[in-house]
Amino acid sequence: MRTQRIALQTILFKEIHRFLRIWPQTILPAAVTNGLYLLIFGALMGRRIGTIGGVPYLDYIVPGITLMSVITNSYSNVVSSFYSTKFQRHIEELIVAPVSEGVIVAGYVGGGIARGVLVGCVVTGIAALFTDLRVAHWEVLAGMGLLTAALFSLAGFINAVFANSFDAISIVPNFVLTPLVYLGGVFYSIDLLPEIWRRVSLANPILHMVNAFRYGFLGISDVPVDRAFMLIAGMTAALTLWAWWLLRRGTGIKA
Amino acid sequence: MSALSLRELRKTYKNGFEALQGVDLAVPAGEFFALLGPNGAGKSTMIGIICSLINKTSGEVRIFGHDLSREREAAKRRIGLVPQEINFNQFETVFNIVVNQAGYYGIRRREAMERAERSLRQVSLWDKRHTVSRQLSGGMKRRLMIARALVHDPGLLILDEPTAGVDVEIRHSMWEFLRTINRQGTTVILTTHYLEEAESLCRHIAIIDHGRIVVNSRMQELLTQVQTHRYTLELKQPIDQTPVVDGFVIEPVDAWTLRAELPPGTGIHRLFNELGAQGIEIHGLRNASNRLEQYFMQLVDHRRDSTQEA
Ligand SMILES: Nc1ncnc2c1ncn2[C@@H]1O[C@H](COP(=O)(O)OP(=O)(O)OP(=O)(O)O)[C@@H](O)[C@H]1O
Ligand SMILES: [Mg+2]
């Protein structure tokens, strides 16, 4: 047990150190992009758009933009870190050692959560320069932020397990994640959509996360928040098991 | 007690290739053991399975009595691996690589740093501790992998071709170092294609070919089986015709050098006398190849002949 705890600390330390050391690649881009979103959509166009659900447009998009950067940063942290661990073969250092599969998953996913949360805080901090932020439900905000970071860190891990080229680690983020995020109600309320698209949108898990997160900030949501939590917690549990099982079998790692 | 014991170990790769066809092997604790065999014989496959890097198809692996499948943690703790190919993070510093590895074995950071220092000093890499590993020379990279493998004090150290691409001086200091840790109680298993290395270091030898152990014997016993002795003779004057001496096979190397093969039980002085009678004076004499190499060649030839007959 003690061995596993220290091994976990070692992996976490290494992972966090990794993204902090290369912060111009890992932290800065999110700050710049989201600063621009807030400036253009929020501050400049937002005045024309007016309010959604009774809040100014700028305030409306802040939660979604924040969660969007949590998603992309958690995902890309783990997918690139674990893929290069595999590619350079130093995953063997962990496999030879008495580290359990659960600890390896927890270490890499923990690194992804740390980056997701840090970037989320940076983006929120930038948003605070544009508007007066208020938080309606801290526990919802923290809970959904962490769960989302965990879920997409796990997804990045699984992507890295299956990837066998650098192309394969950019396909999912570009062609699956980005569309789901943009169609996930970051910039609009699904109440504005025709009924059919409203229903289709409800099948997108990111929509539920974004709305629950927005509820944490503003106290408004297009979907029931408790159901969103159950959905995301269930998905996180399923991906945890899947990641563990893949590592246990040595998929993509052991011949 | 065996440091390593393998029973009926088999590996069939996904493409259907049978790399190990039932390997049984026991390496007693404290041994200095050579695992030899031609390219593709299955050495790295066997080591990969012992170190959990490759999934076995069937069979049993025990490390100091701990079953690798059932008592994973206890078994893994006792192994240190120096793999055939570089497998550390090329963007990490030498020191961090070793410290992290200690962490994976549950060693607290403070102690991990002390041990990393000790390990790196042992392989003369302490000066390079802040260097990014990518910038090390090939021989330094090998030594880094040795330091990393020893940081948790394993009872069994497995080295897969540790001296490939290492210069003579460093190779000798590496040998000295391996002898020292073996004397201090670490069991060492080594694969190499330099047979003089195996002959000079190891007390026991196993030869694997096509996924089977074909020889498993004490080095001394094995060397007495070497039947012929081959010598290189350096001549005082050049010759233009190869001499013929009854009972010896003599081949020219160049005008100043001959190679002679002596059947077992023949004294070399008869060769000297006969050559002297023909007016050829010998200026120097040395072994044409070391004995293990001769044994190895005999074995490989023999196996090739027998498979052709079959
Ligand atoms: N992943 C794999 N899939 C299929 N066959 C493999 C795989 N890895 C190794 N082999 C085959 O298994 C055999 C044994 O390989 P191995 O690497 O164990 O040899 P070795 O004895 O270490 O050789 P060398 O001295 O060249 O290092 C070879 O024929 C090799 O081609
Ligand atoms: Mg090999």
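The values are calculated or read from the model by the stated rules, or taken from the named source; none is laboratory data. All values derive from a computational prediction rather than experimental measurement. Here the Cβ is made from the backbone with ideal geometry for all residues, glycine too, and neighbour counts use every protein chain on show. For the accessible areas, the whole protein counts, side chains as well, though only heavy atoms, and no ligand, DNA or RNA atoms are used. Shrake-Rupley method; radii C 1.70, N 1.55, O 1.52, S 1.80 Å.
So the values come out like this:
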| read-out | value |
| --- | --- |
| Exposure of B:THR224 as accessible area (Å², to 10), given a probe of 1.4 Å and all protein chains | 110 Å² |
| Above-threshold pairs, the threshold being 18 Å between Cα atoms, out of A:LYS14/A:LYS86; A:LYS254/B:LYS76; B:LYS56/B:LYS141; B:LYS14/B:LYS56; B:LYS14/B:LYS76 | B:LYS56/B:LYS141; B:LYS14/B:LYS76 |
| In Å², nearest 10: area of B:HIS302 left accessible to a 1.4 Å probe | 120 Å² |
| Solvent-accessible heavy-atom area per residue, rounded to whole Å², over the range B:2-223 at 1.4 Å | 40 Å² |
| Where B:LYS128, B:LYS141, B:LYS14 fall by accessible area, highest first, once all protein chains stay in place (1.4 Å) | B:LYS14, B:LYS128, B:LYS141 |
| Residues B:GLU261 and B:GLN225, FRET efficiency given R0 of 25 Å [Cβ-Cβ distance, rounded to 0.05] | 0.95 |
| Carbon plus sulfur fraction of accessible area for the range B:78-222, probe 1.4 Å, in percent | 46 percent |
| Buried area at the B-A interface (accessible, heavy atoms, 1.4 Å probe, summed, Å²) | 2800 Å² |
| Cα-based Kirkwood hydrodynamic radius, the range B:152-310, one decimal, Å | 18.6 Å |
| Accessible surface, 1.4 Å probe, highest first, among residues B:TRP175, A:TRP23, A:TRP244, B:TRP126 | A:TRP23, A:TRP244, B:TRP126, B:TRP175 |
| Calculated log₁₀ intensity ratio I(q)/I(0) where the Debye formula runs over C-alpha points of the range A:1-133, q = 0.10, 0.12 Å⁻¹ | -0.43, -0.56 |
| Inter-chain Cβ neighbour average for residues B:46-55, partner chain, 10 Å | 4 |
| Average partner coverage of A:1-10, which counts Cβ from other chains inside 10 Å | 5 |
| Projected label distance in nm at A:ALA136 and B:GLU18, using a 7 Å step from Cα toward the beta-carbon | 6.9 nm |
| Sequence-distant residues sharing a close amide H with B:LEU4 (under 5 Å, placed H) | B:VAL27, B:PHE64 |
| Whole-percent carbon and sulfur share, accessible surface of the range B:229-288, 1.4 Å | 48 percent |
| Equivalent-ellipsoid semi-axes of the range B:2-223, from the Cα gyration tensor, Å, largest first | 28, 20, 17 |
| Computed over the range B:229-288, Cα set: Rg, Dmax in Å | 10.3, 30 |
| Whole-number accessible area per residue in Å² for the range A:2-249, which is evaluated in the context of all protein chains at 1.4 Å | 43 Å² |
| Taking only Cα atoms of the range A:2-249, radius of gyration then Dmax in Å | 18.4, 60 |
| Equivalent ellipsoid semi-axes - Cα gyration tensor, the range B:1-83, angstrom | 20, 15, 12 |
| List B:GLU31, B:GLU18, ordered by accessible area with a 1.4 Å probe, largest first | B:GLU18, B:GLU31 |
| Residue (of A:THR236, A:ILE95, A:LEU12) at the positive-pole extreme of the protein assembly as shown, dipole from beta-carbon charges | A:THR236 |
| Buried on assembly, the range A:79-117 (at least 10 Å² less accessible surface than by itself, 1.4 Å probe) | A:GLN88, A:ARG89, A:HIS90, A:GLU92, A:GLU93, A:LEU94, A:ILE95, A:VAL96, A:ALA97, A:PRO98, A:VAL99, A:GLU101 |
| Magnitude of the charge dipole, the protein assembly as shown, Cβ model with Lys/Arg +1 and Asp/Glu -1, debye to 20 | 1880 debye |
| Interatomic Cα distance distribution for the range B:138-208, bins of 5 angstrom, percent | 4, 14, 31, 28, 17, 6 |
| For chain B, calculated [θ]222 nm from helices alone, where every DSSP H run of n ≥ 4 adds -39500 (n - 2.57) | -10500 deg cm²/dmol |
| Accessible carbon and sulfur surface of the range A:1-81 relative to its total accessible area, %, 1.4 Å | 69 percent |
| Distance (nanometres) between label positions extended 7 Å along Cα→Cβ at A:LEU241 and A:ALA168 | 2.5 nm |
| Beta bridges per DSSP with both ends in the protein assembly as shown, % antiparallel, nearest 5 | 70 percent |
| Protection-proxy order for peptides A:197-208, A:132-143, each taking the mean of Cβ atoms within 10 Å per residue, highest first | A:197-208, A:132-143 |
| Per-q log10 I(q)/I(0), the protein assembly as shown, q = 0.08, 0.12 Å⁻¹ (Debye; single scatterer per alpha-carbon; no solvent) | -0.68, -1.12 |
| Segments B:203-209, B:144-150 sorted - mean Cβ within 10 Å per residue, highest first | B:144-150, B:203-209 |
| Solvent-accessible area per residue for the range B:229-288 (1.4 angstrom probe, square angstrom) | 63 Å² |
